Amino acid sequence: MSRIELEKYSSAITLSDMEVFVFPELMYSLVLANIMSPILWRWREQECFRKLKGKTAYRKLMRLKQYIMDEFDFNLDLETWGLTRKDVELARFVEVISAEDISRSNALFGYHGDQYYFDVDIRKHFGLDKYDSDAIPYWKTETVEAMNAFRLKPGYGRAAGECVSLAALYAAAAFIVCGIPLEDIYMILTPLHSQNFIDMQGGILTNNRRLVTKAMWFNGTEISNKAQRALRNEQVTIVSHCSGYVHCFYDRATIGRGLYEGFRDKLSRYLSADLTPLMFANFLRSHSRYQKYFQICRDCHGQPQYVKAEVLFHYEHSSPFRVADTTHEKLLAEVADEDLTRYELPGRLRCDQICEFLERNPIDPANVKHRDRILSFVSKVMPGSEQFVRDLVDFVHVEPRLPAVEKDYQPAEAISISPKLSREAVIQYLASIRGRNTTADLAFYAYRDMATCRWEPFVKAALERNPVCVVASESRDLDHVYSWLLGLGEVSIYDGQRLAQPDEVANYGTGDGLEKAFLMAAVVRWQEPTSTVAIRVDGFRVGVTVGLREWTFVSKKGLSVLVQVDQEGRIGVARV
């Protein structure tokens, strides 16, 4: 492998935030690794999914959402995977992308987001403000095995993962459990977030553990407003799909132009809504500062009664009923008599008159003349009505900043697998196209299939990018590290001939003997950086040798290999 190829393939093992940004094929390789994992296929046998056999994919997706909500926590502990250094990470990719581009788009390297994020102090929100020096956290994306293994980590009672991990999990589970074709799933990555757009029922976004339908996107609630942050305020860096990807900084795109333009249209329709009475009420729910300019009129035995808009919206907080939808009258019936008046409140617009206005005058927010109509209607009582109109227009239409359409399109061979295939057939198909599809090839590295992958990427990642195990052993000499490892659990979090990285062993307190051997080697290389280290696996026996010293472990992985790392860090591998 060339130096850059080795960086890319070893990055498929560690999957840090920066690695995925630099090598966009990695995002979909993780999805495919999760699809190959037996864990998600076992979900199909859960009673909650078996009883939905024959139901629609949408119904299954809604149940999947609840399953993920019940079984997974959102984890944003930036120190889960330890610390690295900015200069080290930048030097790795200097031949691929400039430091300036990285700092403009990666939160760990200076990116602060746009004006919205300045206002909410996003670096402090994510805990990044304590990393102002050259030290930065590894922001690693977990495989489904690593997410599941959080149950073993002190302080965690459930599986867990950060946003990119959850996006990859959702994409794979939607395919396996819900039968949604991969062609209908698009991954959207921004500097601070990752989510999926699923092309069904007018569009559905995954957002961490939740799903956001189009109706939910525009309902004006606080949780929906939070779900909008990334697409409203950030540049989309990568769109990834089973047919390829497009990256905001790279001229070359491996997705087809027609597919990408089709995605842009679908997302645009999802992010746009007609200005109806319901949408106007949703806007007031979202922008509560404008509620004081409106009142709601109701009929009471042929006589009008009025209630302040902010009062009625307050009733929503403790009621299943909502303003302006089909439960509107039921909500009004809950209003106490003292909150109603018999006279029209001065200085406030009546919402029923606004509804009549909107029904008589369909409004296209993109049309300047139509905006003027709204302005003339509300300016009678509302100071700053121009800002009101701008906010209203912005509410009903979000213009995402996607990578440009004008790219050098070089479509790759699409990943084409049917949800009707068995797990074994999926793995067989992906293996058959490894030689001509880089994403499929990288998927086996993310999957950690050491029976079919080259060892150099795994070894490089294990020795260079696992700081947690180093910190855990920094107060121990090598013999004490060995004793500590022997005292850990003996079960790997990966099945078959797949291997955990040293920090996964350290974080979850368990690992096969071969995995512990790589942790031992990582600590040796940290404590004695000029030592030559050899790891020999011969059947059940694993030996880690440094000069005349040797530490032995027992492995059930059934692998046979000799790995040597010389004083300069050069890696040699031989099958034995």
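It is to be established whether one or more residues within the range 191-201 are over 30 Å from residue 320 (Cβ atoms), surrounded by fewer than 20 Cβ atoms within 10 Å (Cβ to Cβ) and without any contact (Cβ under 8 Å) to a residue 12 or more places away in the chain. No, the range 191-201 contains no residue that is over 30 Å from residue 320 (Cβ atoms), surrounded by fewer than 20 Cβ atoms within 10 Å (Cβ to Cβ) and without any contact (Cβ under 8 Å) to a residue 12 or more places away in the chain.
Residues in the range 411-453 that are touching a strand residue (DSSP E or B) at 6+ places or on another chain (Cβ under 8 Å) and among the charged types (D, E, K, R): 448, 449.
Among the helices (runs of 4 or more DSSP H) lying completely within the range 368-446, list those that include at least 1 residues that are within 27 Å of the chain's Cα centre (by Cα).
385-396, 423-432, 438-446
Every residue, every condition in (1) outside the structural domain of residue 23 (by TED's automatic domain parsing); (2) touching a helix residue (DSSP H, G or I) at 6+ places or on another chain (Cβ under 9 Å), yes or no:
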| position | (1), (2) |
| --- | --- |
| 247 | no, yes |
| 254 | no, yes |
| 261 | no, no |
| 281 | yes, yes |
| 299 | yes, no |
| 304 | yes, no |
| 330 | yes, no |
| 337 | yes, no |
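Scanning the range 1-55 for residues that are touching an Asp or Glu at 6+ places or on another chain (Cβ under 7 Å), assigned to a helix (DSSP H, G or I) and surrounded by fewer than 22 Cβ atoms within 10 Å (Cβ to Cβ) yields 4, 6, 38, 39.
What residue, of 514, 499, is touching a residue at least 40 places away in the same chain (Cβ under 8 Å), closer than 19 Å to residue 14 by Cβ and either of a type in the set (Lys, Arg) or out of contact with any helix residue (DSSP H, G or I) (no Cβ under 7 Å at 6 or more places or on another chain) (or both)? Let's see the steps before the verdict.
Values: 499 fails: either of a type in the set (Lys, Arg) or out of contact with any helix residue (DSSP H, G or I) (no Cβ under 7 Å at 6 or more places or on another chain) (or both).
Within the list 514, 499, the selection yields 514.
Looking at 299, 364, which is the one that is acidic (Asp, Glu), over 21 Å from residue 388 (Cβ atoms) and surrounded by fewer than 18 Cβ atoms within 10 Å (Cβ to Cβ)? Testing whether each residue is acidic (Asp, Glu), over 21 Å from residue 388 (Cβ atoms) and surrounded by fewer than 18 Cβ atoms within 10 Å (Cβ to Cβ) leaves just 299. Filtered by the rule that a residue be assigned to a loop (DSSP other than H, G, I, E, B) and in contact with a strand residue (DSSP E or B) (Cβ under 7 Å, 6 or more places away or on another chain), the range 546-561 gives 555, 559. Could you tell me whether residue 224 is of a type in the set (Ser, Thr, Tyr), within 28 Å of residue 366 (Cβ to Cβ) and within 19 Å of the chain's Cα centre (by Cα)? Answer is yes for this residue. Of everything in the range 308-356 that is closer than 20 Å to residue 383 by Cβ and without any contact (Cβ under 8 Å) to a residue 40 or more places away in the chain, the residue that is surrounded by the most Cβ atoms within 10 Å (Cβ to Cβ) is 310. Free of Cβ contacts under 8 Å to residues at least 12 places away in the same chain and over 21 Å from residue 275 (Cβ atoms) - does that describe any residue in the range 359-372? Taking every residue of the range 359-372 in turn, none turns out to be free of Cβ contacts under 8 Å to residues at least 12 places away in the same chain and over 21 Å from residue 275 (Cβ atoms).
The values are calculated or read from the model by the stated rules, or taken from the named source; none is laboratory data. Treat the numbers as computed from the prediction; the structure is a model and nothing was measured. Virtual Cβ from ideal backbone geometry, glycine too; neighbours counted across all protein chains shown.
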